[in-house]
Amino acid sequence: TMTDQEMIQEINQLRREKKAVILAHNYQVPEIQDIADVVGDSLKLSQEAAKTNADIIVLSGVHFMAESVKILSPDRKVLLPVYDAGCPMADMIDVEKLRKFKEENPNVPVVCYVNSSAEVKAESDICCTSSNALKVVKSVHSDKVLFIPDKNLGDYIDRQLPEKQVISWQGFCITHHRVKTTEIDAVRQQHPEASILVHPECAPEIVEKADFIGSTSEIIKYATESDGKTFVIGTEMGVLHKLRKNNPHKKFYLLSPALVCFNMKKTTLRDIYLALLNEEKEILVEEEVRLRALNSLKRMLEIS
Ligand code: 13P
Ligand code: SF4
């Protein structure tokens, strides 16, 4: 068996030879974040995918992220090192359910959180991520919007934009939804000096009690630029790596021990090495679906 160091050497050689880039989400394990060409939130990963000139893109994250990369960069070979790294929230809606939701609410535009399949994006009007959701919904020329699939992000947008009526699909992130009010109340008592930074995928009663709400990269940026010394982090534990690396003198606590996304933790250095070596675990999107999904993603990127 190879050591991590040998694996990293092989990965570096393969990515040079094959003109490959490794894009990793902020929730990936530290050793992957350390070797990735880009580490970011969902928006950053899409923006990078849209502009890269690499021949191969390895997406270290979950399935919908690799699909978005393929939709935006159809001429590249897109690899997802672990095929069954999925997102349970994305699986809470499908095209059939979405069509029914649209029939029940005729002529209401659909805003689709990127945590969704290519087919669902194709059936929507515009995409958003957690970092541009407010901007995207504001930009839609309608008082009413359907928001899929995250009820928590949908509710957050609805409360932030009183001029819009947001009708949400009842999906949720099984990781962020686990955080309990008793946990945020306890941490306030234990660390009254700390700022509590929370992802909008958390339930409304958690978001309501937080000091800052944002995407993974927005949380990292906020804590890095802040004069504060202590932070409680209400998103998946993967962000702690960059937070601690960027801010060795600040203290970070996780809001709940339940903030671990098991799908985001499936990928190892070895999976990345094997994907690059064998050029396997390729992600493909049917062209007709891709073109329609591309419209929704492009509209989002234009206003981001
Ligand atoms: P962001 O990195 O865009 O905040 O996404 C969070 C998430 O849960 C991705 O699955
Ligand atoms: Fe899906 Fe939540 Fe995991 Fe993100 S953290 S991939 S939304 S289950």
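The values are calculated or read from the model by the stated rules, or taken from the named source; none is laboratory data. Remember, predicted model here, so these are calculated numbers, not experimental data. Cβ sites come from the backbone with ideal geometry, for glycine too, and all protein chains shown count toward neighbours.
Suppose the filter is away from ligand 2 (no atom under 16 Å from the Cβ) and assigned to a strand (DSSP E or B); does Val39 pass it? Judged against the criteria, Val39 is not a match.
For Val21, the stated conditions do not hold, so it cannot be described as out of contact with any helix residue (DSSP H, G or I) (no Cβ under 6 Å at 6 or more places or on another chain), away from ligand 1 (no atom under 15 Å from the Cβ) and assigned to a loop (DSSP other than H, G, I, E, B).
Would you mind stating whether Ala85 is away from ligand 2 (no atom under 14 Å from the Cβ), buried (at least 19 other Cβ atoms within 10 Å of the Cβ) and modelled with pLDDT of 95 or more? Answer is no for this residue. Annotation: Glu302 fulfils all but one of (1) free of Cβ contacts under 8 Å to residues at least 60 places away in the same chain; (2) under 18 Å from Leu45 (Cβ atoms); (3) surrounded by 15 or more Cβ atoms within 10 Å (Cβ to Cβ); the unmet one is (3).
Applying the criterion of being more than 16 Å from ligand 1 (Cβ to nearest atom) and among the β-branched types (Val, Ile, Thr) to the residues of region 241-282, the residue that is surrounded by the most Cβ atoms within 10 Å (Cβ to Cβ) is Ile272.
Criterion first (under 20 Å from Leu43 (Cα atoms), within 16 Å of ligand 1 (Cβ to nearest atom), crowded, with 22+ Cβ neighbours inside 10 Å and free of Cβ contacts under 8 Å to residues at least 40 places away in the same chain) does Leu134 satisfy it? No, not satisfied. For Ala203, the requirement of being outside the structural domain of Leu79 (by TED's automatic domain parsing), under 30 Å from Ile11 (Cβ atoms) and either free of Cβ contacts under 8 Å to residues at least 60 places away in the same chain or hydroxyl-bearing (Ser, Thr, Tyr) (or both) is not met.
Taking region 227-240 on its own, how many of its residues are closer than 13 Å to Leu259 by Cβ and either among the small types (Gly, Ala, Ser) or away from ligand 1 (no atom under 16 Å from the Cβ) (or both)?
The first filter runs over region 227-240 and keeps only residues closer than 13 Å to Leu259 by Cβ, leaving 232-240.
Checking which are either among the small types (Gly, Ala, Ser) or away from ligand 1 (no atom under 16 Å from the Cβ) (or both) leaves us with 232, 234, 238.
Summing the residues that are closer than 13 Å to Leu259 by Cβ and either among the small types (Gly, Ala, Ser) or away from ligand 1 (no atom under 16 Å from the Cβ) (or both) in region 227-240 gives 3.
Need pairs with beta-carbon distance below 8 Å; first residue at positive phi and within region 279-295, second of a type outside the set (Lys, Arg) and outside any loop (DSSP other than H, G, I, E, B); sequence gap 6+ or separate chains. Final answer for the pair search is Glu279/Ile56; Glu279/Leu79; Lys281/Leu79; Lys281/Ala275.
Residues in region 34-57 that are more than 10 Å from ligand 1 (Cβ to nearest atom) and buried (at least 22 other Cβ atoms within 10 Å of the Cβ): Val39, Ala49, Ile57.
Considering Lys151, Lys144, which residue is free of Cβ contacts under 8 Å to residues at least 40 places away in the same chain and within 14 Å of ligand 2 (Cβ to nearest atom)? Step by step, each of Lys151, Lys144 is checked, and only Lys151 is free of Cβ contacts under 8 Å to residues at least 40 places away in the same chain and within 14 Å of ligand 2 (Cβ to nearest atom). Within region 242-260, does at least one residue satisfy the condition of being free of Cβ contacts under 8 Å to residues at least 12 places away in the same chain, within 16 Å of ligand 2 (Cβ to nearest atom) and either under 20 Å from the mean Cα position of the chain (by Cα) or not assigned by TED's automatic domain parsing to the domain that holds Gln28 (or both)? Checking region 242-260: at least one residue is free of Cβ contacts under 8 Å to residues at least 12 places away in the same chain, within 16 Å of ligand 2 (Cβ to nearest atom) and either under 20 Å from the mean Cα position of the chain (by Cα) or not assigned by TED's automatic domain parsing to the domain that holds Gln28 (or both).
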